[in-house]
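The values are calculated or read from the model by the stated rules, or taken from the named source; none is laboratory data. Fair warning: this is a prediction, and the values are worked out from it, not measured in the lab. We place every Cβ from the backbone using ideal geometry, glycine too, and count neighbours over all the protein chains shown. Accessible surface is based on the protein model in full, side chains and every heavy atom, while ligands, DNA and RNA are left aside. Shrake-Rupley method; radii C 1.70, N 1.55, O 1.52, S 1.80 Å.
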Amino acid sequence: MTPAAPSPGGRARKTIVLSLGGSVLIPSLESNALGAYAAVLAELAGRARVYVVVGGGGEARRYIGVARTLGIDEATLDELGILVTRLNARLLIAALGDAAYPRVPETYAAAKECGVAGRIVVMGGVAPGQTTDAVAAVLAEEVGADLLINATSVPGIFTADPKRDPSATRYETMTPAELLALVSRERMGAGSNTVIDLVAAKIVERCGIPMVVLDGREPGGIRAAVFDGAFEGTIVAPEKCRPLPL
Ligand code: UTP
């Protein structure tokens with residue numbers, strides 16, 4: 001693991017990896033949160049080294065849906081999804097301007113190299129058979145992140161899908177092993193509503209990096225979480241670990 005670079009104030013600079021759902025960053029191309037997120041991420045970059053992994057959201061699902069009707073295999077559909085995540089990453093880089101590294105890395109090694117430049121690194125998907133949650137977890141492990149934040153369209157991890165089951169309750173905290181047990185019971189596949197994918201849960205369990213799952217539909221929520229420790233969501237970490245405020 002690379003030692004944390006000292007900040008101007010002398011404190012070691014922490015590293016955050018943010019998994020930013022396409023559905024919260026770009027609910028639709030016309031109505032998006034690119035500018036609002038760029039402002040929040042630039043603030044975070046003043047406090048920590050920031051890596052962002054952008055999801056595909058509704059646009060990826062639309063492309064995959066059309067291609068599926070053409071009889072294309074699932075792995076090739078995943079490749080299409082990855083292309084859309086990278087397009088979304090390009091849009092976020094455009095919104096960040098000079099605060100971001102100007103290119104979308106396509107491998108973890110390239111992302112680490114881009115991080116050396118000190119700007120915000122933005123990437124998308126990497127390989128078929130997973131989602132960008134898994135990419136963010138692996139990237140967090142590779143760059144030795146202090147914290148993984150998963151910003152999604154539900155306020156944390158619930159006993160059931162809260163959009164379908166009104167009796168679902170949120171886990172305030174859970175251990176990585178409990179997350180893995182929960183996710184392993186879910187059926188993974190097209191249309192799956194699991195908030196975290198299985199690969200991501202396995203990586204979180206093995207690396208021990210704390211993960212916070214929170215509602216990303218309001219970009220300012222991430223600022224409040226990181227700076228003030230104020231958020232509604234779930235902390236996945238070994239017992240007694242309180243990763244926020246950073
Ligand atoms: P996402 O990570 O965006 O999945 O990847 P998602 O569940 O739609 O997340 P939101 O809505 O953005 O929060 C979109 C699709 O791209 C492919 C998968 O098909 C995934 O469903 N993908 C993504 C991969 O195959 N590999 C990757 O590394 C990333």
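Of note:
- Under Karplus coefficients 6.51, -1.76 and 1.60, residue-wise ³J(HN,Hα) of the stretch 32-46 in Hz, glycine/proline x: 10, 10, 4, x, 5, 5, 4, 5, 5, 5, 5, 5, 4, 5, x
- Rounded to whole Hz, the Karplus (6.51, -1.76, 1.60) HN-Hα couplings of the stretch 78-86, x for glycine and proline: 4, 4, 5, x, 4, 4, 5, 4, 6
- Extension gain, Ala94-Asp228: 0.36 nm per intervening residue step, less the Cα-Cα distance, totals 45.4 nm.
- Only helices enter this figure: runs of n ≥ 4 DSSP H residues, each worth -39500 (n - 2.57), summed and divided by the residues of the chain, yield -11500 deg cm²/dmol at 222 nm to the nearest 500.
- Rounded percent of accessible protein surface that carbon and sulfur make up, the chain, 1.4 Å probe: 53 percent
- When peptides 40-48, 198-206, 145-153 are sorted by average Cβ neighbour count within 10 Å, with the highest value leading, the order is 145-153, 198-206, 40-48.
- Amide hydrogen neighbours beyond the local backbone of Thr15, cut-off 5 Å, H modeled: Arg49, Asp146, Leu147
- Extension gain from Thr69 to Ala39, taking 0.36 nm per residue of separation minus the Cα-Cα distance: 6.9 nm
- Mean Cβ count within 10 Å, highest first, over the residues of peptides 165-176, 113-124: 113-124, 165-176
- Using a Förster distance of 51 Å, the FRET efficiency for Asp165-Ala12 (Cβ separation, nearest 0.05): 0.75
- Label-point gap, in nm, between Arg242 and Arg185 - each point 7 angstrom along Cα→Cβ: 2.9 nm
- Accessible surface calculations at 1.4 Å, restricted to protein heavy atoms, place the chain at 47 Å² per residue.
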